[in-house]
Amino acid sequence: MRRSTLVAFAAALAAACGSTPTEPSSSTSIATAELFVGRLPAAGSRFYAFSPNTAGSVSLMLASLTPEGRRAASTDIVGLAFGIPRGTGCSHDRFVETRAGLTAQLLVAQTTAGVHCVDVYDVGRLAGSMNFAVRIVMTPVAGTPPEATTSAGSDSFSTSVPALGSATRTIPASQAGTITVHLTSLSPTDAVIGFGLGIPRADGGGCYLSTSTDATTGAAPLASRVDPGTYCVQVYDSGLLKSPATFTLTTLYP
């Protein structure tokens, strides 16, 4: 089944400019990743063209979907597609309707070298604009994922977050598994903060959230399945802080 989506050239260019590619490895046998970020309007679509150097596989992860103007993650469902650029749009070869998550929702086992595209589009369920982030991982034929530099473990993150502010910490995952985040302390104890899990921004200036919650002392942990890669936890004022709050997060990672 094939679905073709045409978008205005200006929108396509804006989407492409919103992407942040990583530097490719000098070795053709190692997986490389790119990050496609942008704003998806209700009833709209955004696509990004990318070019694997060799044949191999491609995985697409819709890692983050957040309502415009808010930090908290959304559970809305959108379309995610892989295809070939055609005209001013992306002609879909494979697609899925999905929520944001930290495991790839679309895996293309065999692709050729050359230009391909990823498309993010409203399937008729959005009430307003969304900010999104898609992680694209390209693995050449007979290639291998990046070598693990860490092993399973835990991380303790303690600092304070001011009213209207946020604080972010990077979390590694050397293998597929579950990341679990515990709010182990909070002062004042009756404060309410937002915290979530996602992928780091390319500039290191924050976190694209995949899942989040408002929490206070004694809150249940936040957990998400993840693929191997680099992730982040973020604590933020969800609009309920009256003064700075000091916290400790304990994160278990695979």
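Quick notes
- Amide H contacts of Ile171 (H built 1.01 Å from N, under 5 Å, at least 5 apart or other chain): Tyr231, Cys232, Val233
- Zone of Arg39's modelled label, taken as backbone nitrogen in region 58-88 under 17 Å from a point 7 Å along Cα→Cβ: 65-72
- Amide H to amide H distances under 5 Å link Ser129 with Ala42, Glu68, where only residues 5 or more positions off or on other chains count and H is placed in the peptide plane.
- The amide H of Gly38, built 1.01 Å from its N in the peptide plane, has Phe132 as neighbours under 5 Å, considering only residues 5 or more places off or on other chains.
- Global form of region 149-237, assessed from the alpha-carbon gyration tensor, a/c cut-off 1.5: prolate
- Phi-derived couplings, Karplus 6.51 cos²θ - 1.76 cosθ + 1.60 at θ = phi - 60°, listed residue by residue for region 55-67: 5, x, 10, 10, 10, 10, 10, 6, 7, 8, 8, 10, x Hz, with x used for Gly and Pro.
- Structure-derived percent of Cα pairs over 32 Å apart: which label, when the choices are [x] 24; [y] 37; [z] 20: [x]
- Applying a DSSP loop filter and a limit of 14 other Cβ atoms within 10 Å to the chymotrypsin sites (Phe, Trp or Tyr not before Pro) in region 157-210 leaves nothing.
- A simple rule links phi to the HN-Hα coupling: the Karplus curve 6.51 cos²θ - 1.76 cosθ + 1.60 with θ = phi - 60°, which for region 208-225 gives 7, 7, 9, 9, 7, 7, 8, 8, 9, 3, x, 5, 5, x, 10, 9, 8, 5 Hz, with x for Gly and Pro.
No value in this document is a laboratory result; all are computed from the given coordinates. Treat the numbers as computed from the prediction; the structure is a model and nothing was measured. Backbone-built Cβ (ideal geometry, glycine too); neighbour counts: all protein chains shown.
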